[in-house]
Structure formats: structure tokens, C-alpha cells
Amino acid sequence: MRILVIGSGGREHTIVWKLAQSPRVRAILCAPGNAGIGQIARNVPVQVSDFAAITDLVRRERMDFVVVGPEAPLAAGLVDHLHAEGIGVLGPTRMAAQLESSKVFTKDFMTRHKVPTAHYATYPDPKPAIAFLESSEAEYPIVVKADGLAAGKGVVVARDLREASDAVQRIMIEKEFGGSGDRLIIEECLTGVEASYIVFTDGDTIIPAVAARDHKAVFDNDAGPNTGGMGAYSTDDILGPDLERNVMKQVIRPVIDGMKSEGCPFQGILYAGLMLTSRGVQVLEFNVRMGDPECQVILPRLKSDFAGLCEALCHGRLKDYKAEWNNEAAVCVVLASGGYPGPYAKGKAITGLKMAEENRRVAVFHAGTRLEEDKFLTDGGRVLGVTATEKDLPSAIMLAYEAVNKIHFDGMHYRRDIGAKGLASAAQTSL
Ligand code: AMP
Ligand code: GLY
């Protein structure tokens, strides 16, 4: 098989790394890729938004199919474009990608299909939104969300009226996220523990991945602003069999069947961001791709052939594929540039990468890195994801941080509590 992967982050490095383990894969190309991906696949300097260049590349290099990593090209219709060219691709069409690219579409869709989610209202103008926030009906904390894509930054959990109106101001009036702020949602604030549940689907058959838990806030104990994700872990008891059955029945199945019945079948990877609350599972959001860093703890637990899974998905033959996962624990600690998620410097030399990977149970996935004269330099906010897989969570946490301690770059910062929530698993089991 010859496979083209689209994207350049830690998620795409993990996808390429896993595909490279398949004996059936002869070539992997990545557009545009990053320095880590370049060690195991061929990076091609083609941007994810350049659909014509991607098509040319597929034809020129006789690729069998394309795996799309990030949301932006999906929301912009890359899959529709490739389908029209007769090229196999793993990912949803532009219409189906609305499950991530429009929160208004998704909340209304969930209402139509009785998928449990927070109570909400949609506002096309700032004035009525502020009027609601000032009214006695508004209960704080409250959540304000931009309708469209905002790189994980379009959601504000506001503690009081001032923070909430500030969010409306930034999203709708200052247009911090451009057209994504043409409409906004104000919704009830849910409390509980979060979980990321990701499935592979060809529109009929659904193959679940093992569940994971992201750590979105920048500092320990979930303090500070949200980021793209500062780390993740995956163990079997994040959901457990009963809860998983509920999620499949109340969330995943109704969504896949609902999309089909509305003439918008979903093919690809569906990610449900869940809140496990005292009134049951509630959906916070959907993404139409692998999570990042969740991908970095999910794929290391896949025992079966990932290239075979992708191939079966692209050809609508998922029912013939049997996925097997190990029952180990995986932990990924993200190493970020000083200042991230705010402004940060680039071009800092990274040392210790080889040493960190000496243990074969550790993998270092690159996100924002570049190679200059054989040296790895920082080149983004999230720089590396250090993943360890072990028989249980405490050992995986220990091994991940041992590896982290071997890596250095100026300004490097990371959370020291990745996976700690899973150690208090008694609390989760009781949910
Ligand atoms: P989203 O992009 O919609 O997943 O939101 C990003 C983060 O905001 C989530 O991971 C939650 O931590 C938080 N969040 C979103 N919606 C809610 C809600 N209704 N109640 C509480 N927290 C929320
Ligand atoms: N880790 C959250 C996301 O990928 O959206």
C-alpha cells in the first residue's frame, strides 16, 4: 500500500508511525509533515489547503488512498474534492464535517436525534445574547461558544456576567475568530469528568477505539487558559463497559444513523467529547478527526493492522475488519514552548530525543519541530508529545516522565499531573 497522510502535527506523526509498522505498507508520504515525520516517511511541501496539488501528488506518486489528519481541510471540502477525482480518502465530506465546523448545526442535530447535550440557545446578534446574560434566567458559570472552528479557543466557560459579555464581545464584535463568530451559542455549564470517545466508521459499521482523556488547560490541576491539549492518557477504565455501551447507544449510533437519514452519511473518524455527569453522559462537542494529543495514546494501544483499518474504512468494508486493542495504559506528556498558548519564541535547540526513546515503550511524537543541519529545533507552541505505554497507569506515568526528564529546550514547559485523574479511578467507577 502507498498512503498519503495530510497534516503536520503530533497526531499525524502518530498516524504515520503506526502505518509504518504495517508490513503491507510500501510508502508513506506526508503533506506537509514535520521534522519527526521526515525520519520515517517522505515529507512533501504541499499545503493542506492546496487541493489541486494534493490531487497531483496522489496521481504522480500512485498513492492508494489519503488519510486526512486535521479539521480545516475537512471543513473546506478536501474529501469532496478527492471523491470527485475518484481518489480513496479517509474522512468526512464538507457537509458531514459540519459536526465539528458548526456548533449550531451540531446542537440542532443533537436535539433532532435526542442525543444528550447541555441546554442551549443560539444567537445571531450580540444584543439579545447580552440581554439574556443580564437576565435572571442566566445561571453562572455559563458557557459561550463561537459557532465555527477556532482552534480549540472558541469556547469560554464564564464565571460571571463580566466574563460572559467579554466573550460575546470578542467572538461577535471584535471577530477574534473571523466568520466563526457570526453566530454563537450560550449553554448551560455541565460538571463532571471529561472523556474523549473516538470511533472509526464507514457510515454503517462502527469500530470504537479505546477511550482517552485530554488535559486541555495549560497548567497543573486544570488551571490557566485552554490549549490544544497538554497531554492525554488512555486506560480501559476511563469509561468501562457499561458506560461505553451507553455512549454507543445514546450518542454514537444515533449520530451515525441520523447523519445517514438526513442524506449526509458520515465516513471517517468521529470524536465525541463527553462530560460524565450525575445525570448521565452529555456531549460537549464532536470532532470529525482524531483528537490530538488523544491520538498519541490511542494508536499505541492498537494491536491490529492500522493500514488495514484505514483501507477497509476508505472502501466501506469496515464490517470485515476486526480491531484488537491491548489492555495497557498509555500516557502522553506534551512539551510546549515557553509562553504557549500565548506568544512564544521558536528556533530553540532540542536535546535528548534519542535518549528519551531508548526504552522501546516510549515514543516521542513531533508537533512543532524543524530540522536544521541535523539539529531539531522548536517550531511551534506544542513541540513534542512523549508517550509511554505500560501494563498499568502508574508505571506508564512514571516512564513517560522519566523520558521527559531527558529532553530539554529553552523555555520548555509541561504539566506534571498528566494521568493523575486516572489514579483516582474510584471516583470514575462510581459514576
Ligand atoms: P468544546 O470545544 O466544545 O469541547 O469545548 C472545549 C472545552 O470547554 C471542553 O473540553 C470543556 O472543558 C469545556 N466545555 C465545553 N462545553 C461545556 C459545558 N457545556 N459545560 C462545561 N464545560 C464545557
Ligand atoms: N484534544 C482535543 C482535540 O483534538 O480537539
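All of the numbers you see were taken from the coordinates with simple rules; none came from a lab. No experiment lies behind these values; they were computed from the predicted model shown. Neighbour counts run over all protein chains shown; Cβ positions are idealised from the backbone, glycine included.
May I ask you to compute the full-extension gain from Asp125 to Asp242, defined as 0.36 nm times their residue separation minus their alpha-carbon distance, rounded to one decimal in nm?
This chain segment gains 37.9 nm when fully extended.
Can you tell me the FRET efficiency between Ala53 and Glu139 if r is taken as the Cβ-Cβ distance and R0 is 51 Å, rounded to the nearest 0.05?
Numbers: r = 50 Å, r/R0 = 0.97.
My answer for the efficiency is 0.55.
In whole Hz, what ³J(HN,Hα) sequence does region 358-373 give by Karplus (6.51, -1.76, 1.60; θ = phi - 60°), x for Gly and Pro?
Residue by residue, region 358-373 yields 4, 6, 6, 8, 10, 10, 9, 9, 8, 10, x, 9, 9, 10, 9, 6 Hz.
With runs of 4+ DSSP H residues as the only contributors, calculate the mean residue ellipticity of the chain at 222 nm using -39,500 (n - 2.57) per run, divided by the residue total and rounded to the nearest 500.
-7000 deg cm²/dmol
Sorted from largest to smallest, which semi-axis lengths in Å does the alpha carbon gyration tensor of region 1-147 give for its equivalent ellipsoid, taking the root of 5 times each eigenvalue? Numbers along the way, then the final one.
Working: eigenvalues 313, 52, 39 Å².
Semi-axes (√(5λ), whole Å): 40, 16, 14.
Where the convex hull is taken over the Cα atoms of region 191-270, what is its projected area averaged over directions, in nm²?
Dividing the Cα hull surface by four gives the mean projection, 6.4 nm².
Over region 290-350, what lengths in whole Å, largest first, do the semi-axes of the equivalent ellipsoid take, defined as the square roots of 5 times the eigenvalues of the alpha-carbon gyration tensor?
Rounded to whole Å, the semi-axes are 34, 15, 9.
Which order, highest average first, do 296-303, 355-362, 335-342 follow once you tally other Cβ atoms within 10 Å for each residue and take the mean per peptide?
Ranked by mean Cβ neighbours within 10 Å, highest first: 296-303, 335-342, 355-362.
How many Å³ per residue does the convex hull of the Cα positions in region 294-431 occupy?
160
Could you work out which residue, out of Ser165, Ser101, Ser278, moves most in a Gaussian network model of the chain, that is, has the largest mean-square fluctuation with Cα springs under 10 Å?
Ser278
So if we plug the beta-carbon distance of Arg2 and Met355 into 1/(1 + (r/R0)^6) with R0 = 35 Å, what FRET efficiency do we get, rounded to 0.05?
That gives a FRET efficiency of 0.55.
How much space per residue, in cubic angstrom, does the convex hull of the C-alpha atoms of region 141-189 take up?
Given the Cα convex hull of region 141-189, per-residue volume reads 57 Å³.
Anyone know which of Asp242, Asp392, Asp204 comes out most mobile in the 10 Å Cα GNM of the chain?
Between Asp242, Asp392, Asp204, it is Asp242 that shows the largest mean-square fluctuation.
Would you mind ranking His366, His408 by Cβ crowding within 10 Å, fewest neighbours first?
His408, His366
Label points 7 Å out from Cα along the Cβ direction at Glu174 and Asp417: separation in nm?
2.8
Taking 7 Å along the Cα-to-C-beta vector as the label spot, tell me the Ala84-Asp257 distance in nanometres, rounded to one decimal.
Result: 3.4 nm between the two label points.
Determine one quarter of the surface area of the Cα convex hull of region 151-236, which equals its mean projected area, and express it in nm² to one decimal.
Averaging across all directions leaves 7.9 nm² for the Cα convex hull.
Could you state the principal axis extents of the C-alpha atoms in the chain, from the largest down, to the nearest angstrom?
Over the chain, Cα extents along the principal axes are 60, 47, 43 Å.
Would you mind giving the average projected area, over all directions, of the Cα convex hull of region 67-107 in nm² with one decimal?
About 2.6 nm², averaged over all directions.
Taking K and R as +1 and D and E as -1, what net charge do the other residues with C-beta under 13 Å from the C-beta of Ile54 add up to?
Charge balance near Ile54 sits at -3.
Can you list the lysines whose alpha carbon is less than 26 Å from that of Lys319, not counting same-chain residues fewer than 8 positions off?
Lys18, Lys249, Lys260, Lys303
Provide Tyr344, Tyr233 in ascending order of the number of other Cβ atoms located within 10 Å of each residue's Cβ, fewest first.
So the ranking, lowest neighbour count to highest, is Tyr344, Tyr233.
Considering only Glu294, Glu134, Glu100, give the residue with the highest GNM mean-square fluctuation for the chain, with springs between Cα atoms whenever their separation is below 10 Å.
Glu134
Within 10 Å, Cβ to Cβ, of Asp147, how many net charges do the neighbouring residues add up to if Lys/Arg are +1 and Asp/Glu are -1?
Within the 10 Å Cβ shell, the charges total +3.
Which peptide among 321-328, 306-313, 153-160 comes first, and what is the full order, when sorted by highest mean count of other Cβ atoms within 10 Å? Walk me through the intermediate numbers first.
Working: 321-328: 14.4, 306-313: 22.2, 153-160: 17.4.
The peptides rank, most packed first, as 306-313, 153-160, 321-328.
Hey, can you rank 175-186, 190-201 by average C-beta count inside 10 Å, highest first?
So the peptides 175-186, 190-201, ranked by packing, come out 190-201, 175-186.
Report, to one decimal in Å, the Kirkwood hydrodynamic radius for region 1-87 based on all distinct Cα pairs.
Its Kirkwood hydrodynamic radius stands at 12.7 Å.
Reported to two decimal places, what Rg/Rh ratio describes region 327-394 when computed on Cα atoms with Rh from the Kirkwood expression?
Here the Rg-to-Rh quotient is 1.04.
What's the local net charge at Glu194, with K and R +1, D and E -1, over the other residues with C-beta under 13 Å away?
Once all neighbours under 13 Å are counted, the net charge is -1.
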